[in-house]
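Asker: Please find one structure pasted underneath; my questions will follow.
The values are calculated or read from the model by the stated rules, or taken from the named source; none is laboratory data. The shown structure was predicted, so the numbers you read here are calculated from the model rather than taken from an experiment. These accessible areas exclude ligands, DNA and RNA; they are computed on the full protein's heavy atoms, side chains included. Shrake-Rupley method; radii C 1.70, N 1.55, O 1.52, S 1.80 Å.
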Amino acid sequence: MRRPPTRVGGARSFVGLVGLVVLAGCSSTPDAAPVVVATSSAPPPSTSAPATTAAPVYELPEGCSGLLSLQQVDDVLGTPLPGETTFTVGTPEPEIGRTGRVTCGFGVLPATEDAAAGDPLLQLSVFSYTDAQAAADRVGATVDAQQAQGVRADQAVVPGSSAVLLSGPDETTLIATVDTRTYSLSLVPGVLDAPGTQTALQSLMGAVLAADSPAPEGTAGASPTG
C-alpha cells in the first residue's frame, strides 16, 4: 500500500537555497537516496560582445577650404586679403613625434619677373603627432624658444582646446592643441591692431576647430578641397 506524501505546515518542504527535491517514487530498494536537481535563477552568460563606439579617426585635411573659407577670413578681418591662397604638405618628423603637417597661406602675393612670391599675411598650419604628450611637448618647446627671443606668451581662449597667444614684432601667432593635433594661426602686423588681432585669431581658430573635428570611424564625409 502507498503512503501519502509527508507535508510540513500544509506545504511541501524545500531544502537549502534553490533546489527542488524529487523523490524516486516506489523503489524496490528501501534505502534508495533521493535525487536532487539544482536550479538557478541567474541568467545565462551573454556571448555577445558589449556595444562600443568607434574612436574618432583624424586625418590631415587635403585642402584649405575645408578649414577656412576666404569668406570667413574676409568677414572676421573686416577686409579682403589680396593675393592668392597656397597649400603645402610637410613631411613627418619622427624625432619629435610629428606624423604630418599641412600649411595654408592666405593673402600671398604671386611671384613676378622681378620678385619672388610674398609671405602670407595669414598663415594656418595643422600638425599631427603620435600622441597627446608629443603634441603638448612640442608646443611647450615652441613657447620656450619664442620667449627666449623676447616674444610675449599669454593664455588664449579657444573652446575645446588648450591655447596660447605669442605676440612678437614680426607676427602674432595663436597655437591651439586638441588631443594629438596642434593648430597654428599667424597674422602679420598692420592688418589689425593688437586687440583686434587677438580677437580675430581666436574667432578664426574656433571656426577651424569646428570644421576639422574628426568623424567617428566608418562615418563617410566629404573630403575638403582647396
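Asker: Percent of accessible area on the stretch 104-220 owned by carbon and sulfur, 1.4 Å probe?
Answerer: 50 percent
Asker: Averaged per residue, what accessible surface does the stretch 104-198 expose to a 1.4 Å probe, in Å²?
Answerer: Spelled out: the 1.4 Å probe surface of the stretch 104-198, per residue, equals 50 Å².
Asker: Through the Karplus equation 6.51 cos²θ - 1.76 cosθ + 1.60, θ set to phi - 60°, convert the phi angles of the stretch 63-75 into ³J(HN,Hα) values in whole Hz; use x for Gly and Pro.
Answerer: 3J(HN,Hα) across the stretch 63-75, in whole Hz: x, 8, 5, x, 9, 9, 8, 4, 5, 4, 4, 4, 5.
Asker: Quick one: which residues, 5+ away or cross-chain, put their amide H under 5 Å from the amide H of GLY90? H built at 1.01 Å from N.
Answerer: Distant-sequence amide H within range of GLY90: ARG101, VAL102, THR103.
Asker: Step through the residues of the stretch 94-106 one at a time and calculate ³J(HN,Hα) from phi using the Karplus curve (6.51 cos²θ - 1.76 cosθ + 1.60, θ = phi - 60°), rounding each to whole Hz and writing x for Gly and Pro.
Answerer: Running phi through 6.51 cos²θ - 1.76 cosθ + 1.60 with θ = phi - 60° gives x, 5, 10, x, 7, 9, x, 7, 10, 9, 10, x, 10 Hz.
Asker: So who's got an amide H within less than 5 Å of the one on CYS64, skipping anything under 5 residues away but keeping other chains? H placed 1.01 Å off N, in plane.
Answerer: GLY226
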